[in-house]
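Trainee: Okay, here's the structure, questions in a sec.
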Amino acid sequence: MQRSKNDVWVGLFVLLGGLALLFLALQAANLLSLSFQSTYEVSARFDNVGGLKPKAAVKSAGVVVGRVESIVFDDQIFQARVKLALEKRYVFPKDSSLKILTSGLLGDQYLGIEAGPSDKNLVAGDTISSTQSAVVLENLISQFLYSKAAEGGGDSKK
């Protein structure tokens, strides 16, 4: 009797530990967001979203103020349309700007929102027009190499 009671407690402890590890793994991978705040939806257009993914954080001053809802390609204007769900308790001016930024060593990307000076605030359905696309490392390297080649192209050492 005592042995089966201990087995139940050990099994329960192992189950709770497994659930805790699953929760931490989902949080670390940004696949689980527990926010019960009401949100409003705004959108933005980008030329290049890089590795930005749905459920990525939207941060202002390092604080998460929302999440990326969806990313779709608009074949009429040939840009990516990103829908954001911002928490209603955070209000931003209409002329705020968005940047795709990178965090951490693994290169997770998120959206950074900077408030503008306007008196009018964003409301549900608005589009943020001031955006800065993701920095693509391959493009930076190729620009650097081409500029170095152009500088040294005519010079030969004798």
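Trainee: Identify the single condition in (1) under 22 Å from Gln79 (Cβ atoms); (2) outside any loop (DSSP other than H, G, I, E, B) that Tyr146 does not satisfy, given that it satisfies every other one.
Mentor: (1)
Trainee: Tell me which residues, restricted to segment 47-57, are crowded, with 17+ Cβ neighbours inside 10 Å and in contact with a Lys or Arg (Cβ under 8 Å, 6 or more places away or on another chain).
Mentor: Correct list: Ala56, Ala57.
Trainee: Hey, another quick one. How do the pairs read when you match residues in segment 105-125 that are on the phi < 0 side of the Ramachandran plot and of a type in the set (Asp, Glu) with residues anywhere that are open to solvent by 40 Å² or more (accessible area, probe 1.4 Å) and part of a strand (DSSP E or B), using Cβ under 9 Å and keeping only pairs 6 or more apart or on different chains?
Mentor: Qualifying pairs under 9 Å: Asp108/Thr102; Glu114/Lys99; Glu114/Ser130.
Trainee: Residue check, Leu52 against (1) under 12 Å from the mean Cα position of the chain (by Cα); (2) over 26 Å from Ser118 (Cα atoms); (3) without any contact (Cβ under 8 Å) to a residue 24 or more places away in the chain, all met but one. Which one?
Mentor: All conditions pass for Leu52, except number (3).
Trainee: Out of Asn139, Asn121, I need the residue that is more than 15 Å from the chain's Cα centre (by Cα), closer than 22 Å to Ala80 by Cβ and open to solvent by 50 Å² or more (accessible area, probe 1.4 Å). Which one?
Mentor: So the residue among Asn139, Asn121 that is more than 15 Å from the chain's Cα centre (by Cα), closer than 22 Å to Ala80 by Cβ and open to solvent by 50 Å² or more (accessible area, probe 1.4 Å) is Asn139.
Trainee: When segment 66-93 is examined, which residues are found to be open to solvent by 70 Å² or more (accessible area, probe 1.4 Å) and part of a strand (DSSP E or B)?
Mentor: Matches in segment 66-93: Glu69, Val72, Phe73, Lys83.
Trainee: Restricting to segment 60-75, what's the tally of residues that are under 20 Å from Phe92 (Cβ atoms) and free of Cβ contacts under 8 Å to residues at least 12 places away in the same chain?
Mentor: Counting residues in segment 60-75 that are under 20 Å from Phe92 (Cβ atoms) and free of Cβ contacts under 8 Å to residues at least 12 places away in the same chain gives 4.
The values are calculated or read from the model by the stated rules, or taken from the named source; none is laboratory data. This one's a predicted model, so the numbers in the text were calculated from it and none came from an experiment. A quick note on method: Cβ atoms are made from the backbone with ideal geometry, for glycine too, and the neighbour counts reach across all protein chains shown. Ligands, DNA and RNA are excluded from the accessible area calculation, which covers all protein heavy atoms including side chains. Shrake-Rupley method; radii C 1.70, N 1.55, O 1.52, S 1.80 Å.
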